[in-house]
Amino acid sequence: MTQNTDMIKALVEKIPSRIRLCFCAGMISGILIHAYMFANKLPNWDDINNIGSFGVGSEFGRWFLKYINPLDGVWSVPWIGGLFAVFFLSLSACMVVSALDIRSMSGVVLVPLLMLSFPSVCSMFTFMFTADCYAVGIFFSCTAAFLIRRYRSGFLPGTVLLVLGLGLYQAYLCLALAVLVCGLFLDLLREDGPQTGGASEKERRMAGIPAERIRSVFLSGVKAFLVLLASVAIYSLTARLIFPELDAYNGLNQMGQIDPARLPRLILRAYRYVAEYFILEPYSFVTAFARGLNVICCLLAAGFVIAWFVKERLWKRPAGAALYLFLAAAVPLSMGSIIIMAPDASVSMLMLYQYVILYVFIIAILERSLRKKDGLFAHASSGASGPERTAGGKTERKSLAGGRVFGRLPGLLSLFVTAVLLLVGYENFLVTNEAYFRMDIAYERAYAWYNRIMERLETTEGYQPGDAYLVLGEYGLSDTPDLLGSYGMDGERFDDLSGAAKETGLLTSGVRQNFMKIYIGMETPEVSEETQEAIRQSEEYRSMPAWPADGCVRRIQDVWVIKTCEETLAAQ
């Protein structure tokens, strides 16, 4: 007798319902938040130059890009690459939820919402030509952390995934580190199972964290640290075997080489970078309201850490207190660890995705705190379960009122934290779409500018199609106002959101040729560097007026030259 089996249904049913919910929440929120980018083509300078490739590769130590990029096609197609990336980011959220054992419905929805809306994802999608690869890199890091935490031999596939992830984008190793550190901290607070030995609940609580758990967490931390070190070592060896002389860009050629004498200063810098983003000197795109929400989140995280320290009476067990405080301090340090990993790098928003772990940490520790049996409010809640009566049978009204307050506190705290994190996600949604809108405006202006340039050239007497031509002049090296950006539309707000293109970024000499070839349909005949420099230094070019004045197009050394502006500033 043949039995028909729906294999897909059977496979889906094996996945826990909370993980399915997490994945669906990630896909829905990811598509809604980034639909503007997916439904349009909003290029930045790198996307224009790499519209049919994955960009840099082995010379930057990113030797695994060439294997991932073809999976969804080599062209920078927003809808395809965007959905591909959202799919893997949603899977990444599922791995984080599993690694930290987040079980509440609100938690498994909030984690993907925050991971898909964090501004680093906006930066990632501005580099659409490689966003798919970066999303896979995030997935590898989160999956590695999950495997290392959940399985005795998980460090073996975890190491492989970390090495491959480093071969996609090195900064995402910090994400794996942050997840592992948060997991270790939560492990200190996690009950090992039913208590035995006849100890009462009060006696157990007075004893603090058991020595066995302290030892287990310490050994797990050492194991995780060694796995990360081994992954970096294997990756560094592999990267140099594939491409012996790595590019010096952002200190890539020195990755993994840390001077011990610099380490204390680098640790302080890591803390400072995290504090600046969330509290002290927020990035340009962070509004005052968003900054306030971040300050609240930092206070919540610190409050939970202090409350658990007091509840577990850790001062009674020095070893437990030392490990607890070390892991608590390691959470922000892991978030800022890119400073230690690449001390000479110019840190951009694209490299700071691990900052999202602050919000995930709050969700995880809140969930742990709300457990009825052994959470922060367990004894307050049990004390409020019923009114105590005196010997005369009278109710202690004061005790009852206090019990009601304590009884409501967990629900009020949960509601407050959920509201704060939803507002964080909403603020991220706003800034992401405002950045996309500003990129759209910049593209339209640049497109119109290039069209006007070519129209002026084609209507110049003597010009013939196929003649060599040059567009010279860098607005970034000029005191001449950028005519396209004269109505700035708050563009400077996105200066710290790496990848968000403004007009000037689309007009640089390194972009013009490909912009005109791809979007205007104009081939630009090759002109040697020697000829270009000779034209720049010629008196005839220097005497030309700048765009859009009459005479800004002239033929010099058999090359038609369009002078866009006077370069009056020295190149950096």
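Conditions: (1) in a helix (DSSP H, G or I); (2) open to solvent by 20 Å² or more (accessible area, probe 1.4 Å); (3) modelled with pLDDT under 95; (4) within 24 Å of residue 104 (Cα to Cα). Residue 328 meets all but one. Number of the miss?
For residue 328, the failing item is (3).
Just to check your reading of the model, which residue among 340, 357 is under 21 Å from residue 95 (Cα atoms) and either assigned to a loop (DSSP other than H, G, I, E, B) or touching a residue at least 40 places away in the same chain (Cβ under 8 Å) (or both)?
Residue meeting the stated conditions: 357.
Test residue 87 against the stated conditions and say whether it is open to solvent by less than 40 Å² (accessible area, probe 1.4 Å), within 30 Å of residue 359 (Cβ to Cβ) and among the aromatic types (Phe, Trp, Tyr).
When the stated conditions are applied, residue 87 does not pass them.
What helices (runs of 4 or more DSSP H) completely inside the range 496-572 contain at least 1 residues that are more than 32 Å from the chain's Cα centre (by Cα)?
529-537, 539-542
Being out of contact with any strand residue (DSSP E or B) (no Cβ under 7 Å at 6 or more places or on another chain), not small (Gly, Ala, Ser) and not in a helix (DSSP H, G or I) narrows it down to one of 88, 84, 54, 23, so name that one.
After ruling out the rest, the residue left standing is 54.
Filter the range 543-567 for residues that are open to solvent by less than 30 Å² (accessible area, probe 1.4 Å) and within 18 Å of residue 528 (Cα to Cα) and give the result.
From the range 543-567, those open to solvent by less than 30 Å² (accessible area, probe 1.4 Å) are 544, 546-547, 552-553, 556, 559-565; that's our starting set.
556, 559, 560, 561, 562, 563, listed by residue number.
List the number of the failed condition for residue 438; all other conditions in (1) in a loop (DSSP other than H, G, I, E, B); (2) open to solvent by less than 30 Å² (accessible area, probe 1.4 Å) hold.
(1)
Whether any residue in the range 55-72 is under 24 Å from residue 166 (Cα atoms), open to solvent by less than 40 Å² (accessible area, probe 1.4 Å) and among the hydroxyl-bearing types (Ser, Thr, Tyr) is what I want to check.
From the range 55-72, those under 24 Å from residue 166 (Cα atoms) are 55-72; that's our starting set.
Then keep just the ones that are open to solvent by less than 40 Å² (accessible area, probe 1.4 Å); that gives 55, 57-58, 60-65, 68-69, 72.
Narrowing the set further to residues that are among the hydroxyl-bearing types (Ser, Thr, Tyr) leaves 58.
Yes, there is a match, as at least one residue in the range 55-72 is under 24 Å from residue 166 (Cα atoms), open to solvent by less than 40 Å² (accessible area, probe 1.4 Å) and among the hydroxyl-bearing types (Ser, Thr, Tyr).
If you go through the range 130-175 one residue at a time, how many are free of Cβ contacts under 8 Å to residues at least 12 places away in the same chain and crowded, with 23+ Cβ neighbours inside 10 Å?
Matching residues across the range 130-175 total 0.
Checking the condition modelled with pLDDT of 90 or more and of a type in the set (Gly, Ala, Ser), which residue from 414, 385, 399, 381 passes?
Working: 385 fails: modelled with pLDDT of 90 or more; 399 fails: modelled with pLDDT of 90 or more; 381 fails: modelled with pLDDT of 90 or more.
Answer to the check: 414.
Output the residues belonging to the range 111-127 that are open to solvent by less than 10 Å² (accessible area, probe 1.4 Å) and more than 12 Å from the chain's Cα centre (by Cα).
111, 112, 126, listed by residue number.
Among the residues of the range 273-294, write down those that are in a helix (DSSP H, G or I) and farther than 30 Å from residue 163 by Cβ.
Filtering the range 273-294 for residues in a helix (DSSP H, G or I) gives 273-280, 288-294.
Those that are in a helix (DSSP H, G or I) and farther than 30 Å from residue 163 by Cβ: 275, 276, 278, 279, 280, 288, 289, 290, 291, 292, 293, 294.
Right, residue 364: of a type in the set (A, V, I, L, M), at pLDDT 90 or above and under 18 Å from residue 190 (Cβ atoms) or not?
So residue 364 passes the test.
Name the single residue, out of those in the range 528-542 being of a type in the set (Gly, Ala, Ser) and surrounded by 14 or more Cβ atoms within 10 Å (Cβ to Cβ), that is farthest from residue 468 (Cα to Cα).
Across the range 528-542, the extreme among qualifying residues is 538.
The values are calculated or read from the model by the stated rules, or taken from the named source; none is laboratory data. Because the structure is a prediction, the values reported are computed rather than measured. Counting neighbours? That spans all protein chains shown, and the Cβs are built from the backbone with ideal geometry, glycine included. Quick note on the areas: whole protein, heavy atoms, side chains included, nothing else; ligands and nucleic acids left out. Shrake-Rupley method; radii C 1.70, N 1.55, O 1.52, S 1.80 Å.
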